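One structure is given below, encoded as structure tokens.
The values are calculated or read from the model by the stated rules, or taken from the named source; none is laboratory data. Predicted, not measured: the structure shown is a model, and the values here were computed from it. Note that each Cβ is placed from the backbone with ideal geometry, even for glycine, and that neighbours are counted across all protein chains shown.
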Amino acid sequence: MDYEIKRLLEKAKQAKENSYAPYSNFNVGAAVIGKNGKIYSGSNVENSSYGLTICAERAAIFKMVNDGEREILAILIIGDTEKFLPPCGACRQVISEFSTNKTIVYMCNKYEKFKKMTVDELIPLKFSIDFL
């Protein structure tokens, strides 16, 4: 496992420990590395009004954006799942907003194994500014 993935994995695992998921008990952590080289992490935060819940991926990306960074080089998502954990549809759209065709998505399982793909592979027909 290369150094960048190790760093992302450690930050995502730490974030997962801070997850607030009393309703689903589905704890997720994510970490993104921006073009500036800084890693931003986030966890899912549930709410009794489910629509107000935020996923780990968006929490991490919004931290990145609030720090002034606008480009994701890579993102890693981890949960306590047997299968590789993909981002939900809302997160895919937010990931694509701040990605290039070279952005890498690492989807991990609870064994810290991962599947790697580009954003274009994950979201081949993504909605973008080209449609506006």
I want to confirm something. Restricting to the range 104-120 and keeping residues that are modelled with pLDDT of 95 or more and farther than 18 Å from Glu4 by Cβ, which single residue is surrounded by the most Cβ atoms within 10 Å (Cβ to Cβ)?
Asn109
For residues in the range 51-81 being assigned to a loop (DSSP other than H, G, I, E, B) and not hydrophobic (A, V, I, L, M, F, W, C), which is surrounded by the fewest Cβ atoms within 10 Å (Cβ to Cβ)?
Gly68
Can you tell which of Ser48, Ser41 is among the polar types (S, T, N, Q), in contact with a helix residue (DSSP H, G or I) (Cβ under 9 Å, 6 or more places away or on another chain) and not in a helix (DSSP H, G or I)?
Ser41
As an exercise: evaluate Asn101 against (1) modelled with pLDDT of 95 or more; (2) more than 16 Å from Ser24 (Cα to Cα) and give the number of the one condition it does not meet.
(1)
Give me the residue from the range 30-50 that is at negative phi and of a type in the set (Gly, Ala, Ser) and, out of that set, surrounded by the most Cβ atoms within 10 Å (Cβ to Cβ).
Ala30
So, Ile5, is that one under 18 Å from Phe114 (Cα atoms), surrounded by fewer than 20 Cβ atoms within 10 Å (Cβ to Cβ) and in contact (Cβ under 8 Å) with a residue 60 or more places away in the chain or not?
yes
From the option list Ala12, Ala30, single residue qualifying as in contact (Cβ under 8 Å) with a residue 24 or more places away in the chain, assigned to a helix (DSSP H, G or I) and closer than 21 Å to Glu97 by Cα is Ala12
Glu57 fails exactly one of the following numbered conditions: (1) under 17 Å from Thr103 (Cβ atoms); (2) in contact with an Asp or Glu (Cβ under 6 Å, 6 or more places away or on another chain). What is the number of that condition?
(2)
